[in-house]
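> Here it is, the structure in full.
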Amino acid sequence: MRLTFSGKSFRSIVILAGTFFLAAVSLPCQASPSAAEVYNWGSHQEVSVLLNQVRTQAGVIRNLADTLDTYNREWPEIGWQINASTLIRLCWHVNALDNTLFQLQNTKAGALPWQRKAIKRIAPMVYELTGATDASITQLNENRDHLWASGYPGDTDFIYQKANRIAHTMRNFETYAGEMHSARELRETLGLRASTGS
């Protein structure tokens, strides 16, 4: 499930944002890569790299959504144009996160059990985040003159909450993995067997 600007919506943002936003607009939301484009990573270390990217990307999205929430509180002093610029950047990062999830879902064969659990846990949250971002784009395009009174503030707050939850979930999984690794090293140092504790 990929976030895309509809032709009409995307053209509206491009035309109305003007040249000030051309740098941001040059990174439009893109379609999902085909399976042939996905590198078939096989080791759990490589899966860990992707899971770390999920946490980082979710953190960036959370920060951008927090910025949008700040704009909402200062409306109408902060106009829709600045919202559009930030939302385009957020869209780019949501697509990057979605692409990372797409890669993760194609690497389960090489993932550790806890990694597979993490992928399964975050997948629906990423899809919800994508849907909320799409809704924000629609609200921005349809309610430029009264964003605060539309559903836009609720959408951006939902994006913040969902991105924060993804980042927090990944941090918990990473903590768990670190503690499991430390426990395994300690067992080896002490000459203990994991199955019996003796």
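> Filter region 99-110 down to residues that are open to solvent by 10 Å² or more (accessible area, probe 1.4 Å) and either under 23 Å from residue 172 (Cβ atoms) or assigned to a helix (DSSP H, G or I) (or both), then give me how many there are.
Count: 7.
> Being closer than 30 Å to residue 73 by Cα and surrounded by 12 or more Cβ atoms within 10 Å (Cβ to Cβ) is the requirement here; does residue 170 meet it?
yes
> Here's another thing I want to ask about it. Restricting attention to region 182-196, does a residue exist that is assigned to a helix (DSSP H, G or I), in contact (Cβ under 8 Å) with a residue 12 or more places away in the chain and farther than 22 Å from residue 66 by Cβ?
No - not one qualifying residue is present in region 182-196.
> Hey, another quick one. Quickly run through region 172-181 and pick out the residues that are touching a residue at least 24 places away in the same chain (Cβ under 8 Å) and among the acidic types (Asp, Glu).
174
> Moving on. Would you call residue 123 under 30 Å from residue 141 (Cα atoms), hydrophobic (A, V, I, L, M, F, W, C) and surrounded by fewer than 17 Cβ atoms within 10 Å (Cβ to Cβ)?
Answer is yes for this residue.
> Of the residues 137, 88, 122, which is under 12 Å from the mean Cα position of the chain (by Cα), in a helix (DSSP H, G or I) and under 24 Å from residue 65 (Cα atoms)?
Just a single option satisfies the conditions, and that option is 122.
> Also, quick follow-up: Starting from residues that are open to solvent by 20 Å² or more (accessible area, probe 1.4 Å) and β-branched (Val, Ile, Thr), keep the ones in region 50-81 and report whichever is farthest from residue 170 (Cα to Cα).
78
> Of the residues in region 140-163, how many are open to solvent by 50 Å² or more (accessible area, probe 1.4 Å), in contact (Cβ under 8 Å) with a residue 12 or more places away in the chain and within 19 Å of the chain's Cα centre (by Cα)?
Result for region 140-163: 3.
The values are calculated or read from the model by the stated rules, or taken from the named source; none is laboratory data. Being a predicted model, the structure only gives us computed values, none of them experimental. Positions of Cβ are backbone-derived with ideal geometry, glycine not excepted, and every protein chain shown enters the neighbour counts. Surface accessibility is based on the protein's heavy atoms, side chains included, excluding ligands, DNA and RNA. Shrake-Rupley method; radii C 1.70, N 1.55, O 1.52, S 1.80 Å.
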